[in-house]
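All remarks here apply to the structure that follows.
The values are calculated or read from the model by the stated rules, or taken from the named source; none is laboratory data. Treat the numbers as computed from the prediction; the structure is a model and nothing was measured. Quick reminder, even Gly has a Cβ in these numbers, built from the backbone with ideal geometry, and neighbours come from all protein chains shown.
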Amino acid sequence: GLRAAAPYGDWRRVSSAAVFDVARYRFELGVAHLDALVEDALSGASRFEDPAALVDDSVELLEASLRRAPADAQTWAALALAAALRRDGELMEIALRRSWELAPYNAAISGLRLTTLVFVQPESLDVGAAEALRRDVRVMRARQPRNLDALLATSPELRMFLEVSEMTN
């Protein structure tokens, strides 16, 4: 069937408009899973018996969304986050690069991509990805400075990477 359960087992986690758009429906459910997982990861307290299964569900939902809407940069960014949580570096890099190609200057998507990098070592990125990351930071600094500050406060590694990369450029 088309309908899928949200992370807490309920059916009310999507917008009413998404019910009529399969790609959007799967995206919103995948992101609901991610929101729950990120909240748990940042709080240090898990409410889920099997978080890995929830990550897998999120990846599956987001990939299903992309089969219907392959040019959705936001879904690619969400898939990168799911892949980072699953520790699938190859999928994360593919998804990040696709998102950067499709929407290099979108503040909301930049925030999602930067959230992905809270869960990986930013210094492992190659030069092209590091430059795209710095561009995301510039976009966030110009359009959503409070969100950027909150994000950098949650990730000392990301903040240090950005400070070092700004000094070397």
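Computed values, structure above
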item: Identity of the residue in the range 102-144, closer than 24 Å to Gly30 by Cβ and among the hydroxyl-bearing types (Ser, Thr, Tyr), that ends up farthest from the chain's Cα centre (by Cα); result: Tyr105
item: Per-region count, the range 28-55, residues exposed (fewer than 15 other Cβ atoms within 10 Å of the Cβ) and over 18 Å from Ser155 (Cα atoms); result: 6
item: Within the range 121-159, considering residues that are out of contact with any Ser or Thr (no Cβ under 7 Å at 6 or more places or on another chain) and of a type in the set (Gly, Ala, Ser), the one surrounded by the most Cβ atoms within 10 Å (Cβ to Cβ); result: Ala132
item: Residue within the range 5-27 that is surrounded by fewer than 15 Cβ atoms within 10 Å (Cβ to Cβ), modelled with pLDDT of 90 or more and either of a type outside the set (Gly, Ala, Ser) or within 23 Å of Val139 (Cα to Cα) (or both) present; result: no
item: Unique match (being touching an Asp or Glu at 6+ places or on another chain (Cβ under 9 Å) and buried (at least 22 other Cβ atoms within 10 Å of the Cβ)) among Ala82, Ala95, Ala69; result: Ala82
item: Test: Ser99 is farther than 21 Å from Met160 by Cβ, in a helix (DSSP H, G or I) and either more than 12 Å from the chain's Cα centre (by Cα) or touching a residue at least 12 places away in the same chain (Cβ under 8 Å) (or both); result: yes
item: The range 50-74 - residue that is outside any helix (DSSP H, G or I) and farther than 16 Å from Arg97 by Cβ and, of those, farthest from the chain's Cα centre (by Cα); result: Asp50
item: Ala142 being farther than 24 Å from Leu91 by Cβ and not aromatic (Phe, Trp, Tyr); result: yes
